[in-house]
Amino acid sequence: MVDPRIFICLARVEKETYDLYIKISNKTMDTYISLMLKFIGYDTFKHSLIFTELAKMHGLEKEEVSNDVCINVLGTFYRDSRMLLNNLSEFVEKKQTLSGKELRSILEKLIPYEDNLSEEYFVGLVTLIFSRSIEEPSKAIKNLLNLIHEDEERHGNLLKKVVGKIPE
C-alpha cells in the first residue's frame, strides 16, 4: 500500500511548480509563451488540488507532514525538486522581465524536471498496480495518477515547443 503522506508531498511540489510557472509567465514579454506557461501552470495547480483531496481522503492535512517526512517518502526527488523550484523562483523574482536567454535557461531546467515528475507518477502508478490491495478507491487513484502522468509528459513536450519559439 502506498504511504498516503506522499499525496501531501506531491501537492506541495505541484503548488510550488504552479507558483513558478505563473511568476515566469508574468515576467515574459512574448504573449504566446506567457499563455503557454500559464496553461502548464493551471494544469499543475489542478494536480496540487487533486493530491490535496487524495490526502484528505486518507485523513491527512498539509500541516501533518514535515519536509523530512516528504524526503523519506519521495527520496531525493522531493529535496531536489524543492531546491530547483526555490532557486528558479528566487532568480525570477529578482528580474523585472526575463530576457530570451534567461527564459531559455529556466525552461531548459524545467524540461527534465517535468520528465522526472512524469516518471515519479509512473512509478507511483506501477506501485499501485502491483500492490496487494486493489480496491475500487485504488483503481480511481490509479486512473488519476495516469492522467497526471500524461499531463506531465505533455508539459515537457510543451516546454520543448516553447523553447523552440524563443529567439536565440
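Taken together, the values in this text are just the output of simple stated rules run on the coordinates, not laboratory data. Fair warning: this is a prediction, and the values are worked out from it, not measured in the lab. Note that we place each Cβ from the backbone using ideal geometry, even for glycine, and neighbour counts take in every protein chain shown.
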- Inverse mean reciprocal Cα-Cα distance (Kirkwood Rh) of the chain, Å: 16.5 Å
- In nanometres, the difference between 0.36 nm per residue of separation and the alpha-carbon distance of ASP80 and MET57 is 5.5 nm
- Message: Could you sort the peptides 147-153, 5-11 by per-residue average Cβ neighbour count (10 Å cutoff), highest mean leading?
- Response: 5-11, 147-153
- List the aspartates and glutamates whose Cα lies under 15 Å from the Cα of LYS27, skipping any in the same chain that are fewer than 8 positions away. ASP19, GLU90, GLU93, GLU102
- Task: Pairs to check: LYS95/LYS161; LYS101/LYS161; LYS15/LYS94; LYS23/LYS94. Give those whose C-alpha atoms are more than 18 Å from each other in this structure.
- Result: LYS95/LYS161; LYS15/LYS94
- Task: Any chance you could run the full-extension gain for SER138 through LYS161? It's 0.36 nm times the residue separation minus the Cα-Cα distance, nm to one decimal.
- Result: 4.8 nm
- Most positive-pole-ward Cα, LEU103, LEU49, SER89, against dipole of the chain from beta carbon charges: LEU103
- Message: Can you give me the angle between helix 76-93 and the longest principal axis of the chain, using Cα atoms only, in degrees from 0 to 90, rounded to the nearest 10?
- Response: 30 degrees
- So, with +1 on the Cβ of K and R and -1 on the Cβ of D and E, and no other charges, what is the size of the charge dipole of the chain about its Cα centre, to the nearest 20 debye? 440 debye
- When the chain is treated as a Gaussian network with springs between alpha carbons less than 10 Å apart, the largest mean-square fluctuation among PHE91, PHE39, PHE51 is found at PHE91
